[in-house]
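Written out below as structure tokens is the structure these notes cover.
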Amino acid sequence: MAVLEYMKKTNSVFSEFECHCHTVYEIYLFLSGDCEIKIEGTAYALKPYSLILMAPNVMHGIQTYSEADYVRCVLYLPVNELMPERHHVLMNCIPDTKKSERPFVIYENTQAFHLEKFYYYLKQLEEYPAKAKEELESIFIEALLAEINLICQKLEPSNAFKASNGQITEIIQFINLHLTDSLTLATLSDHFYISKNRLNSLFKSHLGTTVIEYIRYKRVVMAKQLIMYEGESATNAALRVGFTDYSSFYRSYIKYLHKSPREDIPVTL
């Protein structure tokens, strides 16, 4: 089920740099504020009407730098939400985690496309009866994605990222490529000729977490996708994403998602 979230924060400075990610696509429209987003260790100073498209299982967070109003709309869209015959056409501009070195894309100066009105229409559906909401929601979502598809054809993605440590980018890409393999702090340290302390220091400064916490969190979110969308058992999902024992997987699931794997098993009628 798609989830629309509107946020406006006034007279507050806050940080969400503690890494988090989702099992869904994230369509983020930034409207105002003095802030920066970090995505997989890459920082970007947000500009009004920036559109950010993120694949599932992508680590990100927000940092504000003043008390200016922070306003944004986000649509969280499950992988299986769209009609199959339209999925490719509507989603071909959103990067795939498995196929892209950078599983997100940013477009600036999108105000001419008036994307905010699509979010407004979706928000208004909350006031409708459940049946009407269910019938209309997919239509409005497809209209939004169709407009985004036009943006992808008419605008070039932004490359206005802040200068970042090239080594951390390389390490993150390597981890994401080998996420389900046997990864330890020692093997990564040896592979990149960097001390364990320095490696953790890089992750702390760019992602707000340690290397192992990063790996475990992403594996848990990947396992959740397998359980929810592919019908995998929790045990098989744990093994597929790289956990070697179920107890460690279960503890990590509770820690990062604040519930047990069983609670994410789809209910069959």
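Quick check on the range 120-129. Is at least one of its residues within 23 Å of residue 179 (Cα to Cα), outside the structural domain of residue 204 (by TED's automatic domain parsing) and out of contact with any Ser or Thr (no Cβ under 7 Å at 6 or more places or on another chain)?
Our first condition is that a residue be within 23 Å of residue 179 (Cα to Cα); within the range 120-129, this holds for none.
There is no residue in the range 120-129 that is within 23 Å of residue 179 (Cα to Cα), outside the structural domain of residue 204 (by TED's automatic domain parsing) and out of contact with any Ser or Thr (no Cβ under 7 Å at 6 or more places or on another chain).
Just to confirm my filter: which strands (runs of 3 or more DSSP E) fall fully inside the range 1-79 and include at least 1 residues that are more than 20 Å from residue 256 (Cα to Cα) and in contact with a Ser or Thr (Cβ under 6 Å, 6 or more places away or on another chain)? Show your work before the answer.
Details: elements: 3-9, 25-32, 35-39, 42-45, 50-54, 60-64, 70-77.
Filter on the range 1-79 gives 25-32, 35-39, 42-45, 50-54, 60-64, 70-77.
Mind listing whichever residues of the range 173-200 are over 10 Å from residue 211 (Cβ atoms) and either hydroxyl-bearing (Ser, Thr, Tyr) or touching a helix residue (DSSP H, G or I) at 6+ places or on another chain (Cβ under 8 Å) (or both)?
Listed by number, the residues that qualify are 174, 176, 179, 180, 182, 186, 187, 191, 192, 193, 194, 195.
Go through (1) free of Cβ contacts under 8 Å to residues at least 24 places away in the same chain; (2) hydroxyl-bearing (Ser, Thr, Tyr); (3) surrounded by 14 or more Cβ atoms within 10 Å (Cβ to Cβ) for residue 252 and report which single condition fails.
Tallying (1) free of Cβ contacts under 8 Å to residues at least 24 places away in the same chain; (2) hydroxyl-bearing (Ser, Thr, Tyr); (3) surrounded by 14 or more Cβ atoms within 10 Å (Cβ to Cβ), residue 252 fails exactly one: (1).
Quick one: count up the residues across the range 21-66 that are touching a Cys at 6+ places or on another chain (Cβ under 8 Å) and of a type in the set (Asp, Glu).
Here the count works out to 0.
Can you find even one residue in the range 221-231 that is free of Cβ contacts under 8 Å to residues at least 24 places away in the same chain and out of contact with any Gly (no Cβ under 7 Å at 6 or more places or on another chain)? Step through it out loud before you land on a result.
Within the range 221-231, the first condition is being free of Cβ contacts under 8 Å to residues at least 24 places away in the same chain, and the residues that meet it are 226, 230.
From what is left, the residues that are out of contact with any Gly (no Cβ under 7 Å at 6 or more places or on another chain) are 226, 230.
Checked the range 221-231: at least one residue is free of Cβ contacts under 8 Å to residues at least 24 places away in the same chain and out of contact with any Gly (no Cβ under 7 Å at 6 or more places or on another chain).
Where in the range 108-177 are the helices (runs of 4 or more DSSP H), entirely inside, with at least 2 residues that are more than 20 Å from the chain's Cα centre (by Cα) and more than 30 Å from residue 198 (Cβ to Cβ)?
Values: elements: 115-124, 130-154, 166-177.
Once the helices (runs of 4 or more DSSP H) in the range 108-177 are filtered for at least 2 residues that are more than 20 Å from the chain's Cα centre (by Cα) and more than 30 Å from residue 198 (Cβ to Cβ), what remains is 115-124, 130-154.
The values are calculated or read from the model by the stated rules, or taken from the named source; none is laboratory data. Since we're looking at a predicted model, the values are computed, not measured. All Cβ positions, even for glycine, are placed from backbone atoms using ideal geometry, and neighbour counts span all protein chains on display.
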